[in-house]
Amino acid sequence: MQQQIKQIIFLLVLILFVACGDKQAKDVEKENISYFTNLEGEEIVLSTYKGSRIVVNYWATWCTPCLEEMPSLVHSQEILKNENYIFLFPTTDEIKKIKAFQKVKNYPLQFMHYSSTLDKLNIYALPATFIYNTKGEMVKRIDGVTAWDSEEIINLLKSIE
């Protein structure tokens with residue numbers, strides 16, 4: 001009898017664990033859709049770009065590694081301009097701060113504001129980059145500074161459908 005009770009408790013815990021895991025996965029998907037705005041405050045929905053490949057690079061104005069990789073992201077965007085890629089650059093920084101950064105750096109990048117917390121996307125260090133295929137599925141995540149214009153990364157990005 002005691003063994004059966006243990007098995008029932010184990011099954012209940014397992015069911016709760018799986019159910020919570022599914023909810024968390026759905027919440028992460030929702031985060032990618034609901035909390036982006038452009039610098040004019042208009043909502044941006046990633047599903048708008050379905051049919052294109054998307055690079056979403058989470059960064060911050062105060063993040064030295066993020067700033068180090070930006071020139072290679074600019075170059076990568078230029079290299080891939082005819083490859084059906086959209087590059088998006090969300091940050092949790094205030095829009096006023098993003099605009100000031102953009103004015104100083106003058107990078108031809110689509111900066112945007114992310115109004116939720118990065119931990120909801122399991123981002124605990126910056127930069128963090130999510131790459132989506134044409135179906136809108138995240139197919140690759142790259143954490144940390146990357147040479148985005150390197151032959152290896154360009155070939156990786158070109159290989160994503």
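The values are calculated or read from the model by the stated rules, or taken from the named source; none is laboratory data. Here the structure is a predicted model, which is why all the values come from computation and not from measurement. Reconstructed Cβ throughout: ideal geometry from the backbone, glycine too, with neighbour counts over all protein chains shown.
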Only one of I8, I33 is surrounded by 12 or more Cβ atoms within 10 Å (Cβ to Cβ), aliphatic (A, V, I, L, M), assigned to a helix (DSSP H, G or I) and at pLDDT below 90. Can you tell me which? I33
For N38, work out the one condition from (1) in contact (Cβ under 8 Å) with a residue 12 or more places away in the chain; (2) within 12 Å of the chain's Cα centre (by Cα) it doesn't fulfil. (2)
Considering only residues of region 134-161 that are surrounded by 13 or more Cβ atoms within 10 Å (Cβ to Cβ) and hydroxyl-bearing (S, T, Y), which is farthest from L118 (Cα to Cα)? S150
Quickly run through region 83-116 and pick out the residues that are in contact with a His (Cβ under 8 Å, 6 or more places away or on another chain), surrounded by 14 or more Cβ atoms within 10 Å (Cβ to Cβ) and not in a helix (DSSP H, G or I). P90, T91, T92, D93
Complete set of residues in region 120-160 that are free of Cβ contacts under 8 Å to residues at least 40 places away in the same chain and in a loop (DSSP other than H, G, I, E, B): Y124, A125, E137
Residue ID - modelled with the lowest pLDDT, chosen from residues in region 112-153 that are of a type in the set (A, V, I, L, M) and touching a helix residue (DSSP H, G or I) at 6+ places or on another chain (Cβ under 6 Å): L121
